[in-house]
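Here the structure comes first, spelled out in structure tokens, and everything after it is commentary.
The values are calculated or read from the model by the stated rules, or taken from the named source; none is laboratory data. Since the structure is predicted, the reported quantities are computational estimates derived from the model, not experimental observations. As a convention, Cβ positions derive from the backbone with ideal geometry for all residues, glycine included, and neighbour counts pool all protein chains shown.
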Amino acid sequence: MEELISRAEALIEALPYMQRFSGQYFVVKYGGQAMVSSEMIATVVADIVLLQHVGIKPVLVHGGGKEIDELMGKLGKEPRFVNGLRVTDDETMEIAEMVLQGKVNRRIVALVNRCGARAVGLSGSDAGLFKALRKPPFAGPDGESVDLGRVGEIKELDTALVKTLCESGYIPVVSSIGADPAWESLNINADHAAGELAGALQAAKLIILTDVEGVCRQTEGDGLISQIKEKEIRALIEAGQINGGMIPKVEACLRALKKGVSRTHIIDGRRKHALILETFTDTGIGTMVTL
């Protein structure tokens, strides 16, 4: 009986959050090491379907860096990253499209459908969702000029298709491929894509699922930062304590906040039902990023 009462109390705790977020957009970014097992992916998908059933309009943006690296390795190519962004030549772009659109997107869509919801797979190049330009060369960590190749920066979004799908009861599953003005494919960092899309939709939340607890100080004893502001983020990047793939994640959160998103979070996607814990509990988990 005590266990049943505990479950009932959990539902009561969740009720005000269900009421608050009903009818609002949530953009969830999912990728990286948090996608390594079928069990992890199935748990995240079940959470997203639950969000929809309580009236939230979830949009899932996914990466697939690990799968891209694996295929590149099989083809004899060595992945290269600068500031967490993949250097993308023409061959790498072709590999990314095959993996993201042909494998990862289809797998997630199938899992959502098996959970009883209706998912539609998209890429950012569909219907001009992510209109992008090549990222210009910039100074790398050692001061050298870095050209990332076919890596894009989103300059404009057309969210009409995403909104139509959500209003019609579908869950959009979006891969992070964009298109330039000539409709040539560009590789968009999935964190940046999710942040821009959350801003364009005026989402109530941007939630980035990753393979760590959240943003952590790398000095002994400090551990997880439950809430962090832009000023401290800049300082930790300068000190090298926020580095690699965490840089685009915090950048995405800051961009989304500046475009009107209410809350942004970086949480551990390996934790079972992480989305539910963040959305429907008083304490939440991970790191909340604020301005």
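Here are a few things to note about the model shown:
To keep it simple, each residue is scored yes or no on (1) aliphatic (A, V, I, L, M); (2) buried (at least 16 other Cβ atoms within 10 Å of the Cβ).
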site	(1), (2)
Leu186	yes, yes
Leu209	yes, yes
Val261	yes, yes
His265	no, yes
Arg270	no, yes
His273	no, no
Phe280	no, yes
Val289	yes, yes
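- Among residues of the stretch 196-218, those that are small (Gly, Ala, Ser), touching a strand residue (DSSP E or B) at 6+ places or on another chain (Cβ under 6 Å) and assigned to a helix (DSSP H, G or I), counted: 2
- Residue in the stretch 75-85 that is out of contact with any Ser or Thr (no Cβ under 7 Å at 6 or more places or on another chain), among the β-branched types (Val, Ile, Thr) and assigned to a strand (DSSP E or B) present: yes
- Which numbered condition Lys135 misses (of (1) surrounded by fewer than 14 Cβ atoms within 10 Å (Cβ to Cβ); (2) under 21 Å from Leu157 (Cβ atoms)): (1)
- Some residue of the stretch 227-246 being surrounded by fewer than 20 Cβ atoms within 10 Å (Cβ to Cβ), closer than 28 Å to Glu39 by Cβ and touching a residue at least 24 places away in the same chain (Cβ under 8 Å): yes
- Subset of the stretch 233-277 (residues that are among the β-branched types (Val, Ile, Thr) and farther than 13 Å from Cys216 by Cα): Val261, Thr264, Ile276
- Any hit, the stretch 45-64, residues being farther than 18 Å from Glu153 by Cα, of a type in the set (A, V, I, L, M, F, W, C), touching a Pro at 6+ places or on another chain (Cβ under 6 Å) and outside any helix (DSSP H, G or I): yes
- Residue within the stretch 168-182 that is of a type in the set (Val, Ile, Thr), in a strand (DSSP E or B), touching an Asp or Glu at 6+ places or on another chain (Cβ under 7 Å) and within 24 Å of Ser37 (Cα to Cα) present: yes
- Selection of the stretch 122-153 for residues being among the acidic types (Asp, Glu) and assigned to a loop (DSSP other than H, G, I, E, B) yields Asp142, Glu144, Asp147.
- Residues of the stretch 86-121 classified as among the hydrophobic types (A, V, I, L, M, F, W, C) and part of a loop (DSSP other than H, G, I, E, B), total: 3
Yes or no, residue by residue, for (1) surrounded by 23 or more Cβ atoms within 10 Å (Cβ to Cβ); (2) of a type in the set (Val, Ile, Thr); (3) at pLDDT 95 or above:
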| site | (1), (2), (3) |
| --- | --- |
| Ala8 | no, no, no |
| Met18 | no, no, no |
| Val36 | no, yes, no |
| Leu50 | no, no, yes |
| Val59 | yes, yes, yes |
| Gly64 | yes, no, no |
